[in-house]
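J.: The structure follows.
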Amino acid sequence: MDRVVVIGGPTASGKSGLAVDIAEAFGGAVINADSMQLYHPLDVLTARPEAEDLARAPHRLYGVLPGSERGSAARWRTMALAEIAEARGQGRLPVVVGGTGLYLRSLMEGLCEVPIVSEEIREMARARHAAQGGEAFRADLVARDPASERLNPGDTARLLRAWGVLEATGRPLTDWQSTAPDGPPPGMRFVVCVIDPPRAALYARCDKRFTLMLERGAMDEVRALEALGLDPELPVMKALGVPELRRCLRGEWTLEQAAVKAQQSTRNYAKRQVTWFRHQLLDKPAHGCHAVSSLYSATLRDAILPSLEQSLRD
RNA sequence: GGCGCGGUGGCAGAGUGGUGAUGCAGCGGACUGCAAAUCCGUGUACGUGGGUUCGAUUCCCGCCCGUGCCU
């Protein structure tokens, strides 16, 4: 049994539900591939599976990192590979599910060997960028690494990364990236399933879900998070709804306003994910992809599981 | 009824006698180690009918609608 199920799709599309259904049906273990569900303090706000689902199948990599840390694709990949190995050791089918496409792809295709950039250097990059601005920062970078020409002056994240790698290794990032990625882990075959629901329905579910999160204590979670006094630049602090609810706590926005804003960012995020999955996964049929064109709910289970079972057998 | 003010793309909101800001949303796209991040692209909009003008969203008149004050 060398199969690994991989489920992707936009937020609120029903991925987690599909994952448990599959895990339950085929004796599997659900492994999280969502960058935010990895962190510890946020449970409701990050839409982690609830007790009922947790009881139906083992769930791994949920809430395993403290919010004070920063995850990364490579870090997740290492953890995921370990969990996959463990599930297999127990005779379970690994079901990897999450909305972080980059993570999913890093698992399936591997990453290029790029040395780790120290926090000191990253900090230097940030300071330098802040001091000279995007244009100048980019100009300096391009002078040393012509290939980074393709980066937009406003694309701070990538600019910082490119600069950091160059500074840390003396070699341009594009250089490192031109070497082939380490490829799929040996002995692993992926059965990919992507949910790509109609836009209107997806947005409606995003909105509804946030309202539900508030009813289930999202505000208390943010209060607890706030009490930790974390650096607002940390990934957890940027989870959807956190910035908005924090402003509410500070009295800058009413709960109503915060909710509207958070719902908006959720929809924007869902849109980005749809684009990512369509072009980075669905259009690249290297992995046989099952596309589900509607929001997933238990009623679709019998329509989807049989074809998946077929793929697992092939 | 009188006087004033205003009617700009889905919304907010500048502005100009001739090349129609901008923001948000929407839509499309990018994406190799902070990715729920970071970014890019995208609109035959000037209430209506006349007039002035080489040319009106911009100037003038009527009308409609909204708004404030007065009666």
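J.: Restricting to Cα pairs below 8 Å that are 6+ residues apart, what does the relative contact order work out to for the stretch A:90-166? Please round to a whole percent.
T.: 32
J.: Using only alpha carbon pairs under 8 Å that are at least six residues apart, calculate the relative contact order of chain A and give it in whole percent. Kindly include the intermediate steps, with their values, before the conclusion.
T.: Numbers: 462 pairs, mean separation 88.9, N = 314.
Over chain A, the number comes to 28 percent.
J.: Also: Among the GluC sites (Glu not before Pro) in the stretch A:84-151, which ones are in a DSSP loop with at most 13 other Cβ atoms within 10 Å of the Cβ? Mind listing them?
T.: When the GluC sites (Glu not before Pro) of the stretch A:84-151 are filtered for loop state and at most 13 Cβ neighbours within 10 Å, A:Glu113 remain.
J.: Then there's this: Could you pull out the GluC sites (Glu not before Pro) across the stretch A:239-278 that fall in loop regions by DSSP (anything but H, G, I, E, B) with no more than 16 other Cβ atoms inside 10 Å?
T.: The qualifying sites are A:Glu252.
J.: If you don't mind, another one. Over the alpha-carbon set of the stretch A:61-173, divide Rg by the Kirkwood Rh and report the Rg/Rh ratio to two decimals.
T.: 1.07
J.: A:Ala25: net charge of surrounding residues, Cβ under 14 Å, Lys/Arg +1, Asp/Glu -1, itself excluded? All intermediate terms of the calculation are to be shown ahead of the outcome.
T.: Details: positive: A:Arg3, A:Arg56, A:Arg92, A:Arg301, A:Arg313; negative: A:Asp21, A:Glu24, A:Asp53, A:Asp302, A:Glu309.
Once positives and negatives cancel, what remains is 0.
J.: Going by amide H atoms built from the backbone, whose H comes under 5 Å of the H on A:Val292, apart from near neighbours?
T.: Those qualifying (amide H under 5 Å, at least 5 residues apart or on another chain) are A:Val194, A:Ile195, A:Asp196.
J.: So, one more: For the stretch A:271-314, state the average projected area of the convex hull of the C-alpha atoms over all orientations, rounded to one decimal in nm². Working shown, then result.
T.: On the way: hull surface 14.8 nm².
Orientation-averaged projected area of the Cα hull: 3.7 nm².
J.: For A:Gln90 and A:Asp155, FRET efficiency with R0 = 41 Å and r from the beta-carbon atoms, rounded to 0.05? Provide the component values of the computation, followed by the final result.
T.: Details: r = 43 Å, r/R0 = 1.05.
Efficiency, rounded to the nearest 0.05: 0.45.
J.: Using only Cα atoms, what is the ratio of the radius of gyration of the stretch A:158-217 to 2.2 N^0.38 Å?
T.: In units of the 2.2 N^0.38 Å rule of thumb, it is 2.00.
J.: Follow-up. Please report, to two decimal places, log10 I(q)/I(0) for the stretch A:118-200 at q = 0.15, 0.19, 0.25 Å⁻¹ as given by the Debye formula with identical point scatterers on the Cα atoms and no solvent.
T.: -0.65, -0.79, -1.17
J.: Now a separate question. Taking H placed 1.01 Å from N in the peptide plane, check which residues at least 5 places from A:His40 or on another chain put their amide H under 5 Å from its amide H.
T.: A:Leu65, A:Gly67
J.: How long, wide and thick is chain A, going by the Cα atoms along their three principal axes, in whole angstroms, largest first?
T.: Extents along the principal axes, in whole Å: 57, 51, 34.
J.: Moving to a separate point now. Placing +1 at every Lys and Arg Cβ and -1 at every Asp and Glu Cβ, with all other atoms neutral, what dipole size does chain A have around its Cα centre, in debye to the nearest 20?
T.: Details: 39 positive and 39 negative charges, 104 e Å.
Result for chain A is approximately 500 debye, rounded to the nearest 20.
J.: Filter the trypsin sites (Lys or Arg not before Pro) in the stretch A:242-314 to those in DSSP coil with at most 15 other Cβ atoms within 10 Å of their Cβ, and list the result.
T.: Those that pass, being in a loop and sparsely packed, are A:Arg250.
J.: Now for a separate question. Which three numbers, in whole Å and largest first, are the semi-axes of the equivalent ellipsoid of the stretch A:26-82 derived from its Cα gyration tensor as √(5λ)? Display every interim value, and only then the final one.
T.: Details: eigenvalues 75, 48, 10 Å².
After diagonalising the Cα gyration tensor, the semi-axes are 19, 15, 7 Å.
J.: Taking only the alpha carbons of the stretch A:238-314, what extent do you get along each of the three principal axes, in Å, biggest first?
T.: 57, 28, 16
J.: Taking R0 as 22 Å, what FRET efficiency do you get between A:Ser294 and A:Ala73 from their Cβ-Cβ distance, rounded to the nearest 0.05?
T.: Calculated transfer efficiency: 0.15.
J.: Direction-averaged shadow area of the convex hull around the Cα atoms of the stretch A:1-147, nm²?
T.: Orientation-averaged projected area of the Cα hull: 11.0 nm².
J.: At a 10 angstrom cut-off on C-beta neighbours, averaged per residue, how do the peptides A:66-75, A:150-159 rank from highest to lowest?
T.: Peptide ranking by packing, descending: A:66-75, A:150-159.
J.: State, as an integer percentage, the relative contact order of the stretch A:153-265 based on alpha-carbon contacts under 8 Å between residues 6 or more apart.
T.: Working: 46 pairs, mean separation 19.0, N = 113.
Relative contact order comes out at 17 percent.
J.: How much FRET efficiency would the formula 1/(1 + (r/R0)^6) give for A:Thr179 and A:Leu234, where r is the Cβ-Cβ distance and R0 is 45 Å, rounded to 0.05?
T.: 0.90
J.: Can you find, among A:Thr275, A:Pro66, A:Val117, the residue sitting farthest towards the positive end of the charge dipole of chain A, where Lys and Arg contribute +1 and Asp and Glu -1 at Cβ?
T.: Among A:Thr275, A:Pro66, A:Val117, the one farthest towards the positive end of the dipole of chain A is A:Thr275.
J.: Let me have the 222 nm mean residue ellipticity of chain A computed from DSSP H runs of 4+ only, each contributing -39500 (n - 2.57), with the sum over all residues rounded to the nearest 500.
T.: Rounded to the nearest 500, it is -16000 deg cm²/dmol.
J.: Now a separate question. Based on Cβ point charges of +1 for Lys and Arg and -1 for Asp and Glu, what charge dipole magnitude is obtained for the stretch A:97-250 about its Cα centre, in debye rounded to the nearest 20?
T.: That gives the stretch A:97-250 a dipole magnitude of about 540 debye.
Every number in this text was worked out from the coordinates using simple rules, so none of it is lab data. None of these values were measured; they are calculated from a predicted model. Note that we place each Cβ from the backbone using ideal geometry, even for glycine, and neighbour counts take in every protein chain shown.
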